[in-house]
1. Tell me the residue from Ala267, Ala207 that is touching a Cys at 6+ places or on another chain (Cβ under 6 Å) and either free of Cβ contacts under 8 Å to residues at least 60 places away in the same chain or in a helix (DSSP H, G or I) (or both), please.
2. Tell me the residue from Leu250, Leu303 that is outside any helix (DSSP H, G or I) and either at pLDDT below 95 or hydrophobic (A, V, I, L, M, F, W, C) (or both), please.
3. If I filter segment 130-151 for residues that are more than 15 Å from the ligand (Cβ to nearest atom), over 21 Å from Arg251 (Cα atoms) and at pLDDT 95 or above, do I get at least one hit?
4. Would segment 165-172 turn up any residue that is more than 21 Å from Gly151 (Cβ to Cβ) and either buried (at least 19 other Cβ atoms within 10 Å of the Cβ) or within 15 Å of the ligand (Cβ to nearest atom) (or both)?
5. Would you check which residues across segment 270-292 are in contact with a Gly (Cβ under 9 Å, 6 or more places away or on another chain) and among the small types (Gly, Ala, Ser) and list them?
6. Kindly indicate whether any position in segment 273-289 is within 16 Å of the ligand (Cβ to nearest atom), part of a helix (DSSP H, G or I) and surrounded by 14 or more Cβ atoms within 10 Å (Cβ to Cβ).
7. Let me confirm something: among Phe109, Phe84, Phe52, Phe64, which residue is aromatic (Phe, Trp, Tyr) and within 16 Å of the ligand (Cβ to nearest atom)?
8. I need a count of the residues in segment 234-253 that are within 12 Å of the ligand (Cβ to nearest atom) and touching a residue at least 60 places away in the same chain (Cβ under 8 Å).
Amino acid sequence: MNFTVELAERSYDVVVRDGARDQLAALIAERAPRAKSVVVVTSASLAQQPWFTLTSGLEEFTLFVPEGESAKTMTALDELLEAFADRRLSRDDVVVAVGGGAITDLAGFAAATYLRGVALVQIPTSLVGQVDAAIGGKTGVNLAAGKNLVGAFYQPLGVLCDTSVLATLASRERLSGLGEVAKCWLLENRNVERLRGASLDSLIEMAVGLKVAIVGADEREGSSRVLLNYGHTLAHALEKLALRRGPDELRHGEAVAIGLAFAARLACALDRVGDDEVKYHDAVLATLELDGRLPRHYDTDELLEAMTFDKKARHDLGFVLAGVDGYSLVTGIDRAVVADVLERFKGEL
Ligand code: GLY
């Protein structure tokens, strides 16, 4: 299925299908006809996958970056930009990111900043990448102070979501990607019964359809795009603290699942919604076999501190929350209320 992100002269297609990566050469020929070379940014382990065959029709060279969140550092960015320069990558050439959300974020930001912008194609290979990270032009790296604090909005020429590559994903990786799918299901307020038995392809298409529509309406997060951060205020704080325990401690989608369950509880505590909304959230997460419980070892004060530094926050705490009129960004929430809901949430374990 093809979806179009409608952004006037910067519009582009998101292709979701088995074998979508085979469209790379045609996409480059159409959208970057003067390109002479292509730099593929990926990881060493992805390059070993049986499906890792790319045909761009041009001179190609491959650069390896670290896996997972370790890719999203200023050091990795620096090394990537120097490698672009070493290869004499020009403004006519193309960066092709092949990897999960961390790699597409890093390579996208490198493409956005090298020579003030070179063409970019995103080939997301994880579920998180296909349903969220690689679409919509958010690119960037992390700082010690928090996730995604350095970055740019930079739209690609196209996104090729090849669903066949998901077959080789580790099951934890696939499951964690469902955190972003759950977010979209909840934002669309879809019936939990319809979720049972839904195919992965249909879930990917549902999430991509929502994302493409929102990005087309609000590219730079002035209004509705903020809703795509549902569950992410706590999720980003958890990821920041989890990174201290190791890169494999918590996947993005796992953190999002916890963030969604928490957001429902916070909305309920603020009398924005009733307990039925909490039950609905829990049912959606359970149907997707996501664990939305908050482990006790996350310190409440540290989580609050990390959440205050979230991009949506303006020197206070900001959450996307459900309400009687749908979802909206709510700021200025009393820290004591958030702390109390966090403590009670941990107590549910
Ligand atoms: N991942 C949220 C967004 O792209 O806006």
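1. Ala207
2. None of the other options fit; the residue is Leu250.
3. Within segment 130-151, not a single residue is more than 15 Å from the ligand (Cβ to nearest atom), over 21 Å from Arg251 (Cα atoms) and at pLDDT 95 or above.
4. yes
5. Matches in segment 270-292: Ala286, Gly292.
6. Our first condition is that a residue be within 16 Å of the ligand (Cβ to nearest atom); within segment 273-289, this holds for none.
No, segment 273-289 has no match at all.
7. Working: Phe84 fails: within 16 Å of the ligand (Cβ to nearest atom); Phe52 fails: within 16 Å of the ligand (Cβ to nearest atom); Phe64 fails: within 16 Å of the ligand (Cβ to nearest atom).
None of the other options fit; the residue is Phe109.
8. Result for segment 234-253: 3.
The values are calculated or read from the model by the stated rules, or taken from the named source; none is laboratory data. Bear in mind that the values here come from a model prediction, so they are computed numbers and not experimental data. Backbone-built Cβ (ideal geometry, glycine too); neighbour counts: all protein chains shown.
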